[in-house]
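One structure is given below, encoded as structure tokens.
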Amino acid sequence: MLNNITHVRGFTCWGAHMGIKSKRRDIALIYSEVPAATAAVFTRNVVCAEPIKLSRKHIKDGKAQAFVINSGNANACTGKEGWKGAVAMAETTAEELNIEKESVIVASTGLIGEPFPTEKVLKGIKECAGKLSNREIAGSLTANAILTTDTFAKEGFTSFTIDGIKINMGGIAKGSGMIHPNMGTMLAFILCDIAISPKLLDEALRTAVDKSFNMITVDGDTSTNDMVSVMCNGKAGNKEITEKDANYDLFLANLEKLCTHLAKLIISDGEGSTKLIEYRTKGAESDEEARQVVRTVSNSNLVKTAIFGSDPNWGRIIAAAGRSGVNFDPEKVDLLIGADLNKMIPVLKQGQPVSGVREKLQKTMASSTIIILIDLNQGESEAVGWGSDFSYEYVRINAEYTT
């Protein structure tokens with residue numbers, strides 16, 4: 001049996017179809033039976049959607065009790081009417097669940113600039129509120145209701161033990177295009193029954209996101225609607241985590257694990273993608289420099305198109321690393337490429353090309369999963385990130401997005 005968000009104590013959910021999208025469900029509601037410690041991170045795009053503006057206000061006290069999400073319309077660049085629609089989503093959810101409107105985190109995803117279908121959305125919220133359930137099917141319907149161009153629902157679950165008490169953590173996400181470090185058109189909602197202070201939860205989420213959702217890229221575009229949010233309702237019954245002790249470390253490790261799982265599912269479903277690429281940098285002088293090299297190389301269109309074409313043109317990888325803004329000695333760099341981390345093919349050693357390497361790479365470059373490892377050999381820091389290739393199909397999907 002699939003373990004999904006319905007296996008987290010004290011949460012119910014549902015997903016409804018109200019006609020915003022032609023076939024798929026398009027309204028999702030997730031409810032905690034008690035107020036929960038809550039944290040969220042949002043898009044860094046200065047052009048942000050109305051629900052983002054509202055949710056930034058509602059999250060300030062570190063508490064929430066519901067997530068409400070619509071798909072098919074981003075409610076971005078929609079002016080005053082869009083703002084009214086976002087507020088109405090929170091108010092209607094609050095009325096249906098008998099909670100404060102400030103306890104509702106609102107999210108939207110879909111086409112930017114289209115009038116917001118407030119009436120349909122509110123009708124969908126009421127339907128979801130009347131069908132909230134902790135049955136397995138409810139989690140699957142909710143995961144499907146937040147999708148747009150995704151080809152499959154993205155779900156994850158993990159459990160661990162603290163002081164003899166089992167802790168459950170589940171999450172759903174969506175994203176396929178407009179994916180870029182610092183988040184792209186992606187949403188993720190994580191539920192946990194642990195008791196933890198809002199302050200520590202916020203710090204843990206930001207740490208986990210930096211190592212997962214902020215390390216993926218499809219196309220270099222950061223959306224107007226990105227959000228990752230987590231509710232922890234304490235229903236497991238553990239003693240509240242209020243300091244960075246061993247229990248906090250265990251919670252953080254599992255949060256990072258779940259976020260990474262969801263992030264990799266997003267990349268595996270990149271619009272038009274045919275390959276999943278894992279980018280690794282080691283030997284950097286700082287974690288930030290290692291991440292910067294990963295982000296630059298993973299977002300290079302020349303690298304992504306070469307990988308799509310199974311072209312062993314490794315010079316594009318080194319060229320991208322060189323323009324990352326990180327100062328390193330090219331004469332010390334090692335570059336390895338492979339489909340298995342234990343069977344990597346050396347391409348550069350100490351800045352010198354390995355002879356006959358292009359022929360060896362032909363089979364590897366045709367693999368559905370490719371690993372690129374850059375060792376700067378000048379420090380102890382490392383980073384890992386993920387990306388997709390850049391195909392003809394990506395161009396077709398986005399050329400025809402509104403038609």
TODO: From Val303, Val326, Val333, grab the single residue that is among the aliphatic types (A, V, I, L, M), under 26 Å from the mean Cα position of the chain (by Cα), at negative phi and modelled with pLDDT of 95 or more.
DONE: Val326
Open item on the list: Among the residues in segment 185-194, are any at pLDDT 95 or above, acidic (Asp, Glu) and farther than 24 Å from Asn70 by Cα?
Closed with: yes
TODO: Determine which member of the set Arg9, Arg56 is in contact (Cβ under 8 Å) with a residue 60 or more places away in the chain and either more than 19 Å from Lys154 (Cα to Cα) or crowded, with 24+ Cβ neighbours inside 10 Å (or both).
DONE: Arg9
Task: Number of the condition not met by Gly62 [criteria: (1) crowded, with 24+ Cβ neighbours inside 10 Å; (2) within 21 Å of Val34 (Cβ to Cβ); (3) under 21 Å from the mean Cα position of the chain (by Cα)] - done: (1)
Open item on the list: free of Cβ contacts under 8 Å to residues at least 24 places away in the same chain and part of a helix (DSSP H, G or I): which single residue out of Arg291, Arg316, Arg295 fits that description?
Closed with: Arg316
- [ ] Considering only residues that are within 20 Å of Asn225 (Cα to Cα) and not aliphatic (A, V, I, L, M), look in segment 153-174 and name the one that is surrounded by the fewest Cβ atoms within 10 Å (Cβ to Cβ).
- [x] Glu155
TODO: Sort out which residues of segment 87-105 are assigned to a helix (DSSP H, G or I) and not small (Gly, Ala, Ser), and write them in order of number.
DONE: Val87, Met89, Glu91, Thr92, Thr93, Glu95, Glu96, Leu97, Lys101, Glu102
Open item on the list: For Lys84, only one of the following conditions fails: (1) part of a helix (DSSP H, G or I); (2) in contact with a His (Cβ under 8 Å, 6 or more places away or on another chain); (3) of a type in the set (D, E, K, R). What is its number?
Closed with: (2)
TODO: Among what's in segment 12-53 and is among the β-branched types (Val, Ile, Thr) and outside any loop (DSSP other than H, G, I, E, B), pick the residue that is surrounded by the fewest Cβ atoms within 10 Å (Cβ to Cβ).
DONE: Val34
Open item on the list: Please go through segment 368-403 and give me each residue that is charged (D, E, K, R) and part of a helix (DSSP H, G or I), ordered by number.
Closed with: Glu393, Arg396
TODO: Could you give me the residue pairs with C-beta distances under 6 Å whose first residue belongs to segment 121-137 and is polar (S, T, N, Q), whose second residue is in a helix (DSSP H, G or I) wherever it lies, and which are 6+ apart or on separate chains?
DONE: Asn134/Thr6
- [ ] Tell me, yes or no, whether segment 357-367 has at least one residue that is farther than 25 Å from Thr149 by Cα, under 27 Å from the mean Cα position of the chain (by Cα) and not in a strand (DSSP E or B).
- [x] yes
Open item on the list: Please pick out the residue among Ser310, Ser273 that is hydroxyl-bearing (Ser, Thr, Tyr) and more than 18 Å from the chain's Cα centre (by Cα).
Closed with: Ser310
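Rundown of residues vs (1) modelled with pLDDT of 90 or more; (2) of a type in the set (Gly, Ala, Ser), yes/no style:
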residue: Gly356; (1), (2): no, yes
residue: Gln378; (1), (2): yes, no
residue: Ser381; (1), (2): yes, yes
residue: Thr403; (1), (2): no, no
- [ ] Out of the residues in segment 126-157 that are among the acidic types (Asp, Glu) and over 16 Å from Met18 (Cα atoms), state the one that is modelled with the highest pLDDT.
- [x] Glu155
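The values are calculated or read from the model by the stated rules, or taken from the named source; none is laboratory data. What you see is a predicted model, and the numbers here were worked out from it, not measured in a lab. Here the Cβ is made from the backbone with ideal geometry for all residues, glycine too, and neighbour counts use every protein chain on show.
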